[in-house]
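So the structure is just underneath, and the comments pick up after that.
The values are calculated or read from the model by the stated rules, or taken from the named source; none is laboratory data. These numbers come from a predicted model, not from an experiment. Please note: Cβ atoms are built from the backbone with ideal geometry, for glycine as well, and neighbour counts cover all protein chains shown. Note: accessible area is taken over every heavy atom of the protein model, side chains too, but ligands, DNA and RNA are not part of it. Shrake-Rupley method; radii C 1.70, N 1.55, O 1.52, S 1.80 Å.
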Amino acid sequence: MGALSAITYDYDLDVLIVGAGFSGIYQLHKYRLLNLRAKIFEAGSNLGGVWFWHNFPGARVDIPVPMYEFSSEDLWKEWYWSERYPSQKELRSYFEHVEKKLDVKKDVCFDTRVTSAHFNASKDRWIIITENGVTAQAKFLCLCLGFGSKPYIPDLPNLSSFRGSGGIIHSARWPRDGADIKGKRVGVIGTGASGVQIIQTLASLPPDEGPNLLTVFQRTPNLAIPMRQEKLDRVSQDKAKTLYPMLYRRRRQTAAGLSFDRYPKNFFDASPEERILLLEDLWQSGGFSFLFANFNDILTDRVANEEVYAFWRRKVRERLKNPDLHEKLAPTIPPHALGAKRSSLEQCYYDVYNQDNVELVDIMTNPVVEITPKGVKTADGIEHELDALILATGYDSVTGGITQIDIRGIDGTSIKEKWQDGVYTYLGLTSAGFPNLFFVYGPQGPTAVCSGPTCAETEGDWIVSCIKTMLEHNVTRIEATHEAEVAWRQQVMSEASTRLISTARSWYVGANVKNKKVEILMYTGGAAKYTQICQEVADGGYEGFTLSSTEGNVDLIRDKLN
């Protein structure tokens, strides 16, 4: 640490934010209002967070507007969307609109990837080093990295041997000038959210623009739900905007951070007629209402979940012309509980499998043996010859974005080392041994089971209020206690044990990454309940935290905070 102390830093800050997506922009704006010295370090070349990087065909958000935007009237009053579920192109335009309103970029260092952050305990400062040599010291470090910022490439034998003319493309790092797939034989490994969007989009291209053959390598079928995309006009949005303030208050009151909540009745407490009518209504409405506005117990009761799965299976099989695809795409026995893995929203995903130029390879029963110079070889001995191979294999989700940075706290232990055998946080916002470090939309928070902008604002408000309170009372350091994070971990695990989300091997539990500890990575008790818990901790004088003050009498400070 002595060597770090001797460095002349490019920035001496109150707050250093990492990431220029929803969370980072929201916090920067709030810190400016407090007249704090704050900057964002962003690895990408523009605003948007994941929407800067998501460049693959068909990329679009799966949360409807106006839920997927900031709640500030200054930002939504003059903004109009063209679709209910905006594409990445329109989302980038939205962030440019935000830039015009908030002048964000003047406090953002782009193309600045943080590689290390070490805490200087003698000065209560974080020392931040970046890949391009920019440095900073800050009283507080806020990680706004999202749950998907470290792409994951699975351990496929001989992957580097592939010599197809279109090369290997990861969905999270799609070429900014596009990829040439016209008339080519294209393989896609992975059928998660990005895989579904890529597959349905490439397969729907006109014959003179799309691939000659699209081969999908599927391990687990995606239990995708209809998106029900809609075009939007200015007149209807102007009418709807009278309710926006209420909608934004409401999204803070629900389990998923959306404007709707679970149906207030268990599945088997309803009559057969009530069940089918609700399911049909939700199916026609589209989106995640099918999961989060459905009967109260479908994500906790296996039998109720299987009844809803049977409804889903029937709807999907109706769209598949080839009966041989029924068991592969909508099997009789559920591959996992509906909603236990993140369901994707689809527009024509199942329909494209009716096309002659789309083939499905079930790699659960017929695994990939190796990647060859010509393509993909499966256990049945067939070499699927390809010109381009797309890896829609997602991310080292929730923790990967944080642990890829060399973050070291008081005793020099890295956060990666600390979490190697299990994640420990307090409130999903902090971790013992790492003072004045906060993270948003990360491990053991609501994260991927809550709308991103909702988490950005609720968690951001808590962190900003905490920092404001500390500075007002000359508190120089706040650190979660080990006892508090152990108790929080137990609460996170307890909540998950009552829900079917803990029963599937998914990225929700880290099971998609080789050698990663398998455990629930998110708080599943609902966003509204989570926000209430966090607020109670703050109202109680930040119970579960150790505070240090220049005034010396920490008990007096805590009494003032309480």
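Worth a mention:
- Among the residues of the range 28-72, those identified as part of a helix (DSSP H, G or I) and touching a residue at least 24 places away in the same chain (Cβ under 8 Å) are LEU28, HIS29, LYS30, TYR31, ARG32, VAL50, TRP51, PHE52, TRP53.
- One residue from TYR85, TYR94 being of a type outside the set (A, V, I, L, M), over 27 Å from ILE405 (Cα atoms), in a helix (DSSP H, G or I) and in contact with a Phe, Trp or Tyr (Cβ under 9 Å, 6 or more places away or on another chain): TYR94
- The listed residue being under 21 Å from ALA456 (Cβ atoms) and in contact with a helix residue (DSSP H, G or I) (Cβ under 6 Å, 6 or more places away or on another chain), out of VAL104, VAL108, VAL114: VAL104
- The residues in the range 269-299 that are over 21 Å from VAL61 (Cα atoms) and either loosely packed, with under 14 Cβ neighbours inside 10 Å or aliphatic (A, V, I, L, M) (or both) can be counted, and the count is 13.
- Among residues of the range 363-394 being in contact (Cβ under 8 Å) with a residue 60 or more places away in the chain and in contact with a Pro (Cβ under 6 Å, 6 or more places away or on another chain), the one that is nearest to VAL509 (Cα to Cα) is THR393.
- Test: residue in the range 42-60 that is charged (D, E, K, R), out of contact with any Ser or Thr (no Cβ under 8 Å at 6 or more places or on another chain) and open to solvent by 20 Å² or more (accessible area, probe 1.4 Å): no
- Taken over the range 276-299, the criterion of being more than 21 Å from ARG499 (Cα to Cα) and assigned to a helix (DSSP H, G or I) is satisfied by ILE276, LEU277, LEU278, GLU280, ASP281, LEU282, TRP283, GLN284, SER285.
- Within the range 516-545, being among the acidic types (Asp, Glu) and over 22 Å from GLU479 (Cβ atoms) holds for one residue alone: GLU519.
- Residue list for the range 478-489, filter: outside any helix (DSSP H, G or I) and surrounded by 19 or more Cβ atoms within 10 Å (Cβ to Cβ): ILE478, GLU479, ALA480
- Enumeration of residues in the range 196-218 that are farther than 18 Å from ALA511 by Cα, crowded, with 19+ Cβ neighbours inside 10 Å and touching a helix residue (DSSP H, G or I) at 6+ places or on another chain (Cβ under 8 Å): ILE198, ILE199, GLN200, ALA203, GLY210, PRO211, LEU214, VAL216
- Condition check for LEU391: under 26 Å from the mean Cα position of the chain (by Cα) and within 21 Å of ASP180 (Cβ to Cβ): yes
- One residue stands out in the range 530-562 among those that are touching a Pro at 6+ places or on another chain (Cβ under 9 Å) and of a type outside the set (Val, Ile, Thr): the one that is modelled with the lowest pLDDT, namely SER548.
- Qualifying residue in the range 457-466 (condition: in contact with a strand residue (DSSP E or B) (Cβ under 6 Å, 6 or more places away or on another chain), open to solvent by less than 10 Å² (accessible area, probe 1.4 Å), part of a helix (DSSP H, G or I) and free of Cβ contacts under 8 Å to residues at least 60 places away in the same chain): no
- Candidate set: the range 219-252, residues that are closer than 19 Å to GLY525 by Cα and either of a type in the set (A, V, I, L, M) or under 20 Å from the mean Cα position of the chain (by Cα) (or both); chosen: the one surrounded by the most Cβ atoms within 10 Å (Cβ to Cβ): ARG251
- Matching option when the condition is touching a strand residue (DSSP E or B) at 6+ places or on another chain (Cβ under 9 Å) and of a type in the set (Val, Ile, Thr), among VAL358, VAL449: VAL358
- For the range 490-511, residues that are touching a Phe, Trp or Tyr at 6+ places or on another chain (Cβ under 8 Å) and open to solvent by less than 40 Å² (accessible area, probe 1.4 Å) total 3.
- Residue count for the range 84-126, restricted to those that are open to solvent by less than 20 Å² (accessible area, probe 1.4 Å), under 21 Å from the mean Cα position of the chain (by Cα) and over 15 Å from PHE52 (Cα atoms): 2.
- When the criteria are applied in full, ALA59 meets the requirement of being out of contact with any His (no Cβ under 6 Å at 6 or more places or on another chain) and under 30 Å from CYS348 (Cβ atoms).
- The range 424-446, residues that are of a type in the set (Ser, Thr, Tyr), touching a strand residue (DSSP E or B) at 6+ places or on another chain (Cβ under 6 Å) and open to solvent by less than 10 Å² (accessible area, probe 1.4 Å): THR430
- Of all residues making up the range 317-332, the number that are in contact (Cβ under 8 Å) with a residue 40 or more places away in the chain and either touching a Leu at 6+ places or on another chain (Cβ under 8 Å) or among the hydroxyl-bearing types (Ser, Thr, Tyr) (or both): 3
- Count of residues meeting criterion [over 30 Å from TRP126 (Cβ atoms) and among the small types (Gly, Ala, Ser)] in the range 39-90: 4
- Complete set of residues in the range 167-183 that are crowded, with 19+ Cβ neighbours inside 10 Å and over 20 Å from VAL368 (Cα atoms): ALA172, TRP174, ILE181
- Near pairs, Cβ below 7 angstrom, 6+ apart or cross-chain, from the range 134-151 (without any contact (Cβ under 8 Å) to a residue 12 or more places away in the chain) to any residue that is open to solvent by 20 Å² or more (accessible area, probe 1.4 Å): none
- Counting residues in the range 145-157 that are over 26 Å from the mean Cα position of the chain (by Cα) and over 28 Å from GLY409 (Cβ atoms) gives one or more.
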